Structure formats: structure tokens, C-alpha cells
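Okay, so here's the structure we're looking at.
The values are calculated or read from the model by the stated rules, or taken from the named source; none is laboratory data. Source: prediction; values computed, not measured. Positions of Cβ are generated from backbone atoms using ideal geometry, with glycine treated the same way; all protein chains shown enter the neighbour counts. When the accessible area is computed, the model is the full protein with side chains, heavy atoms only, and any ligands, DNA or RNA have been set aside. Shrake-Rupley method; radii C 1.70, N 1.55, O 1.52, S 1.80 Å.
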Amino acid sequence: MPLRMEGIDSEDACGPQGDSASPSTGTQLAGLADSEVSEAVFQRKEHCARALSPEERAKLKGDQCLVSDFKQQKLEKEAQRNWDLFYKRNSTNFFKDRHWTTREFEELQACREFEAQKLILLEAGCGVGNCIFPLLEEDLNIFVYACDFSPRAVEFVKQNPLYNAERCEAFQCDLTKDELSKNIPLESVNAATLIFVLSAIHPDRMRLALENIYRVLKPGGTVLFRDYGLHDHAMLRFKSGSKLGENFYVRQDGTRSFFFSKEFLEDLFTAVGYETLVNEYVLRETVNKREGLCVPRVFLQGKFKKPL
């Protein structure tokens with residue numbers, strides 16, 4: 001199975017049979033006979049949230065006990081420490097490189113005004129560089145600003161053999177507190193990515209992160225978003241006592257995860273001033289007929305533009 005632990009359940013976590021296959025891979029697998037493959041990945045995009053089974057609805061309805069205010073305040077205070085410990089435990093080995101980024105987000109190419117234009121990209125929440133290094137290899141005419149909440153993650157980026165200060169600048173940043181403009185000129189970025197990042201921020205502080213990014217985006221610049229969606233399998237796997245608020249949970253390692261609805265996400269971006277270009281659920285099912293398993297993953301993918 002592609003799911004391994006409650007700690008992190010991203011679609012591109014490493015391990016045997018990780019579920020980071022591209023849509024084309026899923027289609028290819030679906031066409032193979034059972035004797036050739038025991039597991040297939042299917043993906044489709046939808047405008048409506050995944051329908052829950054009666055058992056799933058009952059589980060969510062019955063899980064109303066929230067973590068105490070004292071513990072919630074402690075989690076907020078120790079958020080950076082918990083992510084630093086995550087990277088200490090997992091080093092650079094937990095996530096796979098995200099080679100799907102340019103396939104899924106054509107705007108990384110389309111936002112060029114002319115073919116030879118040098119793109120300036122911000123990866124907000126870069127982790128250990130699983131997104132930026134494939135991009136730097138695929139596109140030689142790009143400069144990336146990469147920031148992360150975790151100082152340890154930033155150091156891993158800088159230690160990567162592919163890190164080149166002429167093409168990338170990595171720095172530590174709390175998107176809800178630290179001004180990006182201290183490292184990035186105002187209105188200079190063509191596109192920013194928020195890939196499995198915003199879900200780790202308390203919902204009350206998400207707007208601060210989006211406002212911060214807004215200030216360094218060029219007019220017409222785009223935010224490319226992908227994160228956990230409402231009713232994702234990971235949301236339903238949390239045990240009682242893990243709930244922090246509506247669609248918001250804490251993992252065993254102290255890191256937190258929010259599960260987005262389309263409506264919540266659109267309201268969040270438009271309140272800051274962004275225009276919505278795309279906002280849709282990505283539904284993925286990993287089916288293992290031999291073991292009788294079906295794992296429904298739900299992600300939310302969006303593209304939001306700073307007006308001209």
C-alpha cells in the first residue's frame with residue numbers, strides 16, 4: 001500500500017509502491033491484466049468533494065472531541081521545532097522528487113511573455129528541495145527563491161550537490177511572520193508554488209502567508225497550489241483525540257494538517273485579492289485487487305492570479 005504512517009501522508013512520500021505516479025502511469029496500469037500488476041492508480045479531476053460512505057460519515061460525525069486549548073497553544077509555539085525534528089528523523093529520504101510539477105502546472109512555462117524570458121519562481125515551503133531541483137534541471141532559464149519554516153530543511157537544500165547560488169537562493173522563513181521582501185524584491189516573482197505547505201499552517205494564519213506572497217508577486221503572477229483535500233483517506237485515518245478544529249488535525253509527531261474544501265480555499269485567496277483561475281479536486285484511487293484494497297486520496301489543486 002502507498003500509505004505508511006500517520007506522521008505524513010503526502011502523495012509523493014517515499015517507500016515501496018509510493019503513490020506518486022503520474023496520470024499517464026495510472027492509465028497504463030489500468031490496462032494491464034491482474035497477472036501483470038497487483039496495484040493500479042486511477043486519477044480524475046472533479047468539482048465536487050468525494051462522497052463519503054455511511055461508515056466514513058459516522059466516523060467524522062462521531063469525532064467531535066477537540067485537543068485542549070493548552071495543547072493547541074503548545075503545538076503552535078513548537079511548530080517550527082516539530083518540523084525541524086521531522087527533517088532530522090527523515091533527512092532527505094521521505095519525499096520523492098516532484099517531477100510531476102511541470103506536467104501538472106503548465107503555467108510554469110505559460111507565464112513566460114517570450115520564449116527566452118528568465119522566470120523568477122518562489123517555492124514557499126521548499127522542504128529539502130524535491131520540487132526545485134527537478135525544475136532547475138528541466139528549465140535552465142529559471143531562478144528559484146526557496147524558503148522553508150525549518151532551518152534544517154534549508155540546510156539540506158544548500159548541501160544538495162545541485163544547489164547553485166547563481167540559480168537558487170534558499171532561506172529560512174515563517175511565511176506568517178517574516179517578510180519575504182527582506183530576501184525577494186517586491187513584485188518580482190513570476191510564479192509561486194504552495195505544494196503541501198498551507199495545510200501545515202493554522203487556518204487563522206493562512207491569510208498572512210498568502211498576503212506575504214502577494215507582495216512579492218508581479219501583477220499577473222500566479223500561485224500554483226496543491227494540498228490535501230476534504231475527505232482524503234488520511235483525514236479519515238486520524239484517531240480520536242487528534243482533532244484541532246474543523247478539518248484540522250495533529251499527527252503523532254506534533255505536525256499538523258488541514259484538509260481543504262474548494263469553497264474554503266477560494267474564499268481564502270479571493271479575500272487577499274487573488275483571482276481564481278483553477279480550483280478543483282484531484283481524486284486518486286490506488287486499487288489492489290489481489291488484497292481487496294482501495295485507497296481513496298483527495299487533493300485540491302488550484303491556480304490563483306494577482307490581478308494586473
Given (1) free of Cβ contacts under 8 Å to residues at least 24 places away in the same chain; (2) touching a helix residue (DSSP H, G or I) at 6+ places or on another chain (Cβ under 6 Å), index of the condition Glu263 fails: (2)
Residue check for Asn183: at pLDDT below 95 and not hydrophobic (A, V, I, L, M, F, W, C): no
Pair list, Cβ < 9 Å and 6+ apart or interchain, from the stretch 78-90 residues that are under 16 Å from Cys173 (Cβ atoms) to residues that are of a type in the set (Phe, Trp, Tyr) and assigned to a helix (DSSP H, G or I): Tyr87/Phe156
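Going residue by residue through the stretch 42-55, is there one that turns out to be open to solvent by 60 Å² or more (accessible area, probe 1.4 Å), part of a helix (DSSP H, G or I) and farther than 30 Å from Cys147 by Cβ? It would help to see each step written out before you state the result.
If we filter the stretch 42-55 for residues that are open to solvent by 60 Å² or more (accessible area, probe 1.4 Å), which is where we start, we get 42, 44-48, 51, 54-55.
Checking the rest, the ones that are also part of a helix (DSSP H, G or I) come to 54-55.
When the remaining residues are screened for being farther than 30 Å from Cys147 by Cβ, the result is 54-55.
Checked against the condition, which is being open to solvent by 60 Å² or more (accessible area, probe 1.4 Å), part of a helix (DSSP H, G or I) and farther than 30 Å from Cys147 by Cβ, the stretch 42-55 yields at least one hit.
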Among the candidates Phe143, Phe133, residue that is out of contact with any Gly (no Cβ under 9 Å at 6 or more places or on another chain) and either part of a helix (DSSP H, G or I) or polar (S, T, N, Q) (or both): Phe133
Residue among Val223, Val216 that is crowded, with 23+ Cβ neighbours inside 10 Å and touching a Phe, Trp or Tyr at 6+ places or on another chain (Cβ under 7 Å): Val223
Conditions (1) out of contact with any helix residue (DSSP H, G or I) (no Cβ under 7 Å at 6 or more places or on another chain); (2) crowded, with 20+ Cβ neighbours inside 10 Å; (3) at pLDDT below 95; number of the one not met by Gly229: (3)
Enumeration of residues in the stretch 236-253 that are closer than 15 Å to Glu76 by Cα and surrounded by fewer than 17 Cβ atoms within 10 Å (Cβ to Cβ): Gly245, Gln252, Asp253
Candidates Val298, Val278 - the one that is among the aliphatic types (A, V, I, L, M), assigned to a strand (DSSP E or B) and open to solvent by 10 Å² or more (accessible area, probe 1.4 Å): Val278
Filter pass, Glu36 being among the acidic types (Asp, Glu) and modelled with pLDDT under 65: yes
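Looking for whichever is of a type in the set (D, E, K, R), surrounded by fewer than 16 Cβ atoms within 10 Å (Cβ to Cβ), assigned to a helix (DSSP H, G or I) and modelled with pLDDT of 75 or more here; the options are Arg81, Arg103. Which one fits?
When all the criteria are applied, what remains is Arg81.
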Residue in the stretch 166-187 that is least open to solvent (accessible area, probe 1.4 Å), counting only those that are over 23 Å from the mean Cα position of the chain (by Cα) and within 12 Å of Arg215 (Cβ to Cβ): Pro185
Top-ranked residue in the stretch 107-150 [being among the hydrophobic types (A, V, I, L, M, F, W, C) and free of Cβ contacts under 8 Å to residues at least 12 places away in the same chain; ranked as most open to solvent (accessible area, probe 1.4 Å)]: Leu140
Wholly enclosed strands (runs of 3 or more DSSP E) of the stretch 156-249 bearing at least 1 residues under 27 Å from Arg81 (Cα atoms) and among the small types (Gly, Ala, Ser): 168-172, 189-195, 243-245
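Being of a type in the set (Gly, Ala, Ser) and either outside any loop (DSSP other than H, G, I, E, B) or open to solvent by 100 Å² or more (accessible area, probe 1.4 Å) (or both) is the filter; apply it to the stretch 56-76 and report the residue that is farthest from Thr176 (Cα to Cα).
Ala58
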